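Enquirer: There's a structure below that I have some questions on.
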Amino acid sequence: MPQFDPASFPSQIFWLVVTFVALYVVISKFAIPRIGEILEQRARLIQDDLDRAGALKADTDAAIAAYEKAMADARSQARDVLLAATNELKKVADEKTAAVNAEVNKQIADGEARIAKAKTEALGSIKTIAAETAREAVSKLTGLTLDAAKVDGAVGTALNDAR
């Protein structure tokens with residue numbers, strides 16, 4: 001094999017150095033700057049994507065905050081509507097209760113008046129019945145006829161004393 005002949009080593013070393021220098025110049029002047037540009041471009045793209053993601057996250061956070069505020073406002077408004085409806089229903093119920101109470105009180109007063117009237121009539125009847133019973137008892141027991149006015153007065157006095 002001719003490449004292992006020691007007489008050709010100096011020319012092989014020369015061409016090895018020339019080839020490595022040429023390769024180094026080509027790589028350092030063309031390939032490395034291009035790779036650097038590509039890496040910088042990718043870094044810019046990544047940073048732009050991160051910036052856009054941050055902006056979108058901020059927009060999302062703002063939308064979530066707006067949603068939560070809207071929900072809180074809606075809850076507050078619903079609570080106010082519910083409170084107003086409750087107050088209105090309570091007012092109507094109080095009015096109806098007052099009307100029913102007034103009607104019941106009127107019926108109670110009417111009933112008490114009827115009871116008082118019936119009591120007065122009953123007491124008047126009792127006075128008459130007691131006077132007639134007393135006259136008849138005296139008449140049957142003694143055979144005497146008593147004056148109706150005197151018997152009515154005596155029964156009235158006895159009833160007044162009993163009260």
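Enquirer: Does at least one position in the range 87-97 carry a residue that is assigned to a helix (DSSP H, G or I), at pLDDT 95 or above and either of a type in the set (Gly, Ala, Ser) or in contact with a His (Cβ under 9 Å, 6 or more places away or on another chain) (or both)?
Expert: Yes, the range 87-97 contains a residue that is assigned to a helix (DSSP H, G or I), at pLDDT 95 or above and either of a type in the set (Gly, Ala, Ser) or in contact with a His (Cβ under 9 Å, 6 or more places away or on another chain) (or both).
Enquirer: Only one residue in Leu123, Leu141 is within 28 Å of Asn160 (Cβ to Cβ), exposed (fewer than 10 other Cβ atoms within 10 Å of the Cβ) and at pLDDT below 95. Which one?
Expert: On the way: Leu123 fails: exposed (fewer than 10 other Cβ atoms within 10 Å of the Cβ).
Exactly one residue qualifies, and that residue is Leu141.
Enquirer: Which of the numbered conditions does Ser125 fail, given that it passes all the others? Conditions: (1) under 30 Å from Ala154 (Cβ atoms); (2) within 27 Å of the chain's Cα centre (by Cα).
Expert: Condition (2) is where Ser125 drops out.
Enquirer: Let me confirm something: among Arg44, Arg114, which residue is of a type in the set (D, E, K, R) and over 30 Å from Gly156 (Cα atoms)? Please lay out each step first, then the result.
Expert: On the way: Arg114 fails: over 30 Å from Gly156 (Cα atoms).
Among Arg44, Arg114, only Arg44 is of a type in the set (D, E, K, R) and over 30 Å from Gly156 (Cα atoms).
Enquirer: Only one of these is of a type in the set (Gly, Ala, Ser), surrounded by fewer than 10 Cβ atoms within 10 Å (Cβ to Cβ) and either in a helix (DSSP H, G or I) or touching a residue at least 60 places away in the same chain (Cβ under 8 Å) (or both): Ala149, Ala53. Name it.
Expert: Details: Ala53 fails: surrounded by fewer than 10 Cβ atoms within 10 Å (Cβ to Cβ).
Result of the check over Ala149, Ala53: Ala149.
The values are calculated or read from the model by the stated rules, or taken from the named source; none is laboratory data. None of the values given here were measured: they were computed from a predicted structure. Cβ atoms come from the backbone with ideal geometry, glycine included; neighbour counts cover every protein chain shown.
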